[in-house]
1. From the set of residues in the range 82-98 that are buried (at least 17 other Cβ atoms within 10 Å of the Cβ) and either modelled with pLDDT of 55 or more or of a type in the set (Val, Ile, Thr) (or both), which is farthest from Lys137 (Cα to Cα)?
2. Here are some conditions: (1) more than 22 Å from Ile42 (Cα to Cα); (2) modelled with pLDDT of 90 or more; (3) of a type in the set (A, V, I, L, M, F, W, C). Met101 meets all but one. Which one does it not meet?
3. Out of all the residues in the range 11-27, which are without any contact (Cβ under 8 Å) to a residue 12 or more places away in the chain and not in a helix (DSSP H, G or I)?
4. Which of (1) at pLDDT 90 or above; (2) surrounded by fewer than 23 Cβ atoms within 10 Å (Cβ to Cβ) is the odd one out, the single condition Tyr60 does not satisfy?
5. Looking only at the range 105-142, how many residues end up being touching a Lys or Arg at 6+ places or on another chain (Cβ under 9 Å) and at pLDDT below 95?
6. Inside the range 31-144, counting only strands (runs of 3 or more DSSP E) that do not spill past its ends, which hold 3 or more residues that are touching a residue at least 60 places away in the same chain (Cβ under 8 Å) and under 27 Å from Ala13 (Cα atoms)?
7. Counting only residues that are of a type in the set (Phe, Trp, Tyr) and crowded, with 17+ Cβ neighbours inside 10 Å, which one in the range 8-44 is nearest to the chain's Cα centre (by Cα)?
Amino acid sequence: MSAKPATVAAYLAALPEDRRAAIDTVRQVILKNLDSGFAEGIGYGMIAYHVPHSRYPAGYHCDPKQPLGFAMLSSQKSHMSLHLMCLYNCGDPNEPGSKLMEWFRSDWAKSGKKLDIGKACLRFKKIDDLALDTIAKLFRKVTVDQWIATTEQMVASRNRKPATKRTAKK
């Protein structure tokens, strides 16, 4: 995609038919299962799901002009991707003490499909590569309030400076 589209409709319209169908299928799963506090729009040239400034004025900690991002869906040169920020830094809200990524990997494995994921970027070439039920469950698991709280905890922990060792003077 050469030019950055301004709307989701423009993003979808710019895609080849096979990509448009796959991206829209994932998009519909997300929209059906996404907490109502999140909004859909365009962010960083991709379809983005974020906490709007009206709900969280602080925005994204690295660039407060941007809303607090949650997930992004995109068509890249050689694949499509779903960027799942909650897998990168969120514990499972339904299973205290467990990591959401661990749950996600386990639930995905039940589908029998190969998981192609980095820290938070799920890559796929066709819709059949995805465990859409697992993606739906993931989007139902994290509410906007949980995402805001998790983000604030993560940012606070990164801003804490480690204690320094003092050396005794002789």
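The values are calculated or read from the model by the stated rules, or taken from the named source; none is laboratory data. Please read all numbers here as calculations on a predicted model, not as lab measurements. No Cβ is skipped: glycine too gets one built from the backbone with ideal geometry, and neighbour counts run over all protein chains shown.
1. Asn89
2. Unmet condition: (2).
3. Across the range 11-27, the qualifying residue is only Pro16.
4. (1)
5. Within the range 105-142, residues that are touching a Lys or Arg at 6+ places or on another chain (Cβ under 9 Å) and at pLDDT below 95 number 1.
6. On the way: elements: 39-43, 46-51, 68-75, 80-84, 121-124.
Ranges flagged: 68-75.
7. From the range 8-44, those of a type in the set (Phe, Trp, Tyr) are 11, 38, 44; that's our starting set.
Now restrict to residues that are crowded, with 17+ Cβ neighbours inside 10 Å: 11, 38.
Values: Tyr11: 18, Phe38: 12 Å.
In this case the residue turns out to be Phe38.
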